[in-house]
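Some notes on the structure that comes next.
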Amino acid sequence: MIKSPLLMTSFLTLSTSLLLAGNCLAEDEYDVKAYGPKSAIVWNTPIKATFDHKTHTMDAGVECSSCHDEIFSMQRGTAVNTKKFTMKAMAEGQFCGTCHDGDTAFATDTNCMACHGVAEEPLIWEAPTKASFSHTKHVEEIELECASCHSGVFAMKKGAATANNDFTMAAFKEGKYCGACHNGDDAFDSSTQCQSCHYPPTEKIVFNQPVKSVVFDHNIHVGKAELSCESCHKDVFTMKKGTIEGEELSFSDDPAEKRKYLEALHNKFCGTCHDSSQAFGYLTRCTVCHIGVKGFDKMNEGTSGSKEHGKTGH
């Protein structure tokens, strides 16, 4: 143990000097003039990609003159500004494709993460319904190759899937898009585990047919009660907006007929759970769901303007 303050100071000074000297030696090992910039070049267009001079020059032994100025101009941004800096051009032997042809070096349509990495932010679709996709989960956790989906299942172009107008659950069921793997064998079936991709609606749904001003809150059922989406969809409620409004209405003035109609309606839909066993019975706590015209007006700041409460026949 060093007890003398003077010796302690001398020791710390010497340690700091050695550390700085070591760092300087480490920096001197990399010759920028011989090997190019030490920091990686990052392109954000047409898609995010990185290039490391050190990997090519110092590690692989490629001369700077091998690429500059014949393949890449020695001026920053020149390649992107040509508007030809694309994967298609590289496949034709231009830019990176001059060497990355599958013979001299790995082909540009393989080993994608060497340049592109994995998108950290999830991909969000808003149409036909809001859904998300995590590259990280599929590539890093499940260890899929980029080529597993691109470009056979999904084109390597943003918005390409939704532009086809068949990016639907029905298409998944036929083995297209996500359904190529999510078929119940290779991965969970696309008609199950909905919340893996989809977001439950945050706004309350108000039905005005076949009974006026009935409110439903997904948050209570999915969030608080922790029900899965498939608890109600597909067997009780089809996953299509406006389905309930298409139910046949009853206009009978006979109280017995009205009751029979309402019982059948409840048993077909909400009553499958709200049977006083799994959840409170539909004949009790009516105002939890049936908010009436006043409740509807309150939710919508008095915008219903409806005085036709009796015309739904309930």
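Read-outs: derived from the displayed coordinates by stated rules, not from any lab. Bear in mind the structure is a predicted one, so any value in this text is a computation, not a measurement. Here the Cβ is made from the backbone with ideal geometry for all residues, glycine too, and neighbour counts use every protein chain on show.
Mind checking which aspartates and glutamates have their Cα closer than 17 Å to the Cα of LYS83? Skip sequence neighbours fewer than 8 apart in that chain.
Cross-link targets: GLU92.
Convert each backbone phi in segment 241-246 into a coupling constant with the Karplus relation 6.51 cos²θ - 1.76 cosθ + 1.60 (shift: θ = phi - 60°), then list the ³J(HN,Hα) values in order as whole Hz, x for Gly and Pro.
5, x, 5, 5, 4, x
Given the DSSP H assignment, sum -39500 (n - 2.57) over each helix run of at least 4 residues in the chain and divide by its residue total; what's the result at 222 nm in deg cm²/dmol, nearest 500?
Rounded to the nearest 500, it is -6000 deg cm²/dmol.
Compare the Cα positions of PHE216, ILE205, VAL293 along the charge dipole of segment 205-312 (+1 at Cβ of Lys, Arg; -1 at Cβ of Asp, Glu; about the Cα centre) and return the one farthest towards the positive end.
VAL293
Quick check: the distance between the Cα centres of segment 232-285 and segment 72-148, to the nearest angstrom?
Between the Cα centres of segment 232-285 and segment 72-148 lies a distance of 51 Å.
Pairs LYS204/LYS241; LYS173/LYS240; LYS212/LYS240; LYS48/LYS88; LYS240/LYS268; LYS234/LYS258: which are spaced more than 21 Å apart, C-alpha to C-alpha?
Cα-Cα > 21 Å for LYS234/LYS258; rest within.
Enumerate the amide H contacts of LYS84 below 5 Å, restricted to partners 5 or more residues apart or on another chain; note that Pro and chain-start residues carry no placed amide H.
It is none; the list stays empty.
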